[in-house]
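Only one structure is covered here, and it is reproduced in the block below.
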Amino acid sequence: MELLILIVAFVLWILQKALSSPNKEAAKKRKKRPPAPTPWRDPWGERTDTIPFPDLSEEDALGEPVRPPSPSATGSVKEIIQNLPEEIRDAAEQVKTDVQGAISEAEKRVETLKEVQPPIPSLKRKKTIGLEKGLFTKNSLVRGIILQEVLGPPPSRRYWQRTHRRAP
């Protein structure tokens with residue numbers, strides 16, 4: 001009896017899953033991104049800043065224009081153009097005075113440097129020793145071989161770094 005109840009419950013569970021699965025797929029297919037509201041279409045009625053367009057009948061169109069004519073900007077531009085040469089002259093004079101001040105300041109600094117600095121001695125080049133003049137002679141090679149035989153091979157880099165540590 002208990003086995004029969006378990007089998008019936010299992011069959012009902014399978015039927016429920018089978019019937020509910022197409023609904024989930026249909027819901028997934030139905031999910032789409034809502035369209036962005038545009039000025040000419042407001043699907044959710046959220047926009048309150050719509051522009052009221054006036055009714056332009058033929059009588060209004062024949063009369064005065066809806067927008068008054070804009071004032072001409074040529075007057076102010078003419079004044080600006082007339083003032084430009086004066087401003088250019090003033091800027092040029094300012095630059096001249098600034099340059100003269102900078103030049104005199106630099107000359108003063110050069111004079112003080114000449115007074116303070118001692119004369120620099122001329123550079124002397126080091127004399128280079130050629131290989132044939134005694135760097136690798138028979139005597140030095142024999143000394144090196146004897147030292148290596150007596151003392152053994154030179155210490156490795158790891159040994160050197162381990163014994164001679166830098167102070168922190």
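Sequence-ordered 3J(HN,Hα) estimates for segment 92-100 from the Karplus curve with 6.51, -1.76 and 1.60 and θ = phi - 60° stand at 5, 5, 4, 5, 4, 5, 5, 5, 4 Hz, glycine and proline given as x.
Label separation (Asn83 vs Thr112): 4.1 nm, computed from points 7 Å beyond Cα along the C-beta direction. Rolled with a 1.4 Å probe across the full set of protein chains, the surface gives Trp160 an accessible area near 140 Å².
Inter-label distance, Lys127 to Ile146: 2.8 nm, where each label sits 7 Å from its Cα along the C-beta direction. Computed with every protein chain present, the accessible area of Glu107 is close to 110 Å² [probe 1.4 Å].
The values are calculated or read from the model by the stated rules, or taken from the named source; none is laboratory data. Note that the coordinates shown come from a computational prediction; the quantities given were computed from them, not determined experimentally. Cβ coordinates were reconstructed from backbone atoms using ideal geometry, including for glycine residues, and neighbour counts include every protein chain displayed. Remember, those area values only see protein heavy atoms, side chains included, never the ligands or the DNA or RNA. Shrake-Rupley method; radii C 1.70, N 1.55, O 1.52, S 1.80 Å.
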